[in-house]
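Remarks on the structure that follows.
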Amino acid sequence: YILLKLGRYNLLCSIVSTLCHIWEQQLRIYLYNGLSEAVEIDFSTFAEKFDEVKEVFWVHAVDVTKFESWPKLKELRYLNNYIKHGPGYSGDKLQKLNPGYFKDPMLEGFDVNEKYKTTLLDATININKFDVEDYFNKVVDFWNQLPEEANLNYERFAKIKNRGKNEQ
């Protein structure tokens, strides 16, 4: 039973992680395809960090942080990083956003993160299939919340492009 429970748990964690990575890759290719029509871009260095993805939306006058789906997608990214790396920065952020993930439903007041210090060797995150469905639905909502058209704001684009040159 314990091995089956751990297998089910690791499957849920793998689905969460895969969903997050698919969404991040979708974002990057979507933005690259749109922006590369207007300016020359090297894809290998384009929007490698998530803040850069938000900036590219910003140069198109789209503030994705205002989307209804954004808080849950931010949580998804913290959960993904916590699953991959264990306790640390993302785990601390995730615990503030969703403390229920860190509570053992059988042991009231017991923080599993404090005891196990791992995320994949033991079933330490209190996650279920409904959480996974919710994240999936928020990814779909995100794409539905994007405007049909977004025009490149060249002034904003120049600020970002010049800032990159000044840092080198």
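Working from label points 7 Å from Cα in the Cα-to-Cβ sense, the T18 to N126 distance is 2.7 nm. In this label model, E37 and V140 are separated by 2.7 nm, measuring between points 7 Å along each Cα→Cβ vector.
Just the protein heavy atoms count here, and of the accessible area of the chain at 1.4 Å, carbon and sulfur take up 52 percent. Compared with the direct C-alpha span, the chain from E133 to E148 gains 2.9 nm at full extension, assuming 0.36 nm per residue.
Over the chain, the Kirkwood radius and the radius of gyration, each from Cα atoms, give a ratio Rg/Rh of 1.05. In this structure the stretch 62-132 gives 57 Å² per residue of accessible area when probed at 1.4 Å with all protein chains present.
Per residue, the average separation of C-alpha pairs within less than 8 Å and at least 6 apart gives the stretch 51-116 a relative contact order of 16 percent. Ordering of 74-82, 59-67, 118-126 by packing is 74-82, 118-126, 59-67, highest average first (other Cβ atoms within 10 Å, averaged per residue).
Taking A150, A38, A47 as the candidate residues, the one with maximal mean-square fluctuation in a Gaussian network model of the chain, Cα springs under 10 Å, is A38. Look at the alpha carbon pairs under 8 Å that are at least 6 residues apart: their mean separation over the length of the chain gives a relative contact order of 28 percent.
Which entries of K49/K115; K74/K159; K74/K129; K74/K115 show an alpha-carbon separation above 28 angstrom in the structure shown? Exceeds cut-off: K49/K115.
Sorted largest first by accessible area at a 1.4 angstrom probe radius, with every protein chain in place, the residues S36, S44 fall in the order S44, S36. Peptides 2-10, 88-96 ranked from most to least packed by the mean count of surrounding Cβ atoms within 10 Å: 88-96, 2-10.
The values are calculated or read from the model by the stated rules, or taken from the named source; none is laboratory data. Note that the coordinates shown come from a computational prediction; the quantities given were computed from them, not determined experimentally. Here Cβ is always computed from backbone atoms with ideal geometry, including for glycine, and neighbour counts include all displayed protein chains. The accessibility values were calculated without ligands, DNA or RNA, using every heavy atom of the protein model including side chains. Shrake-Rupley method; radii C 1.70, N 1.55, O 1.52, S 1.80 Å.
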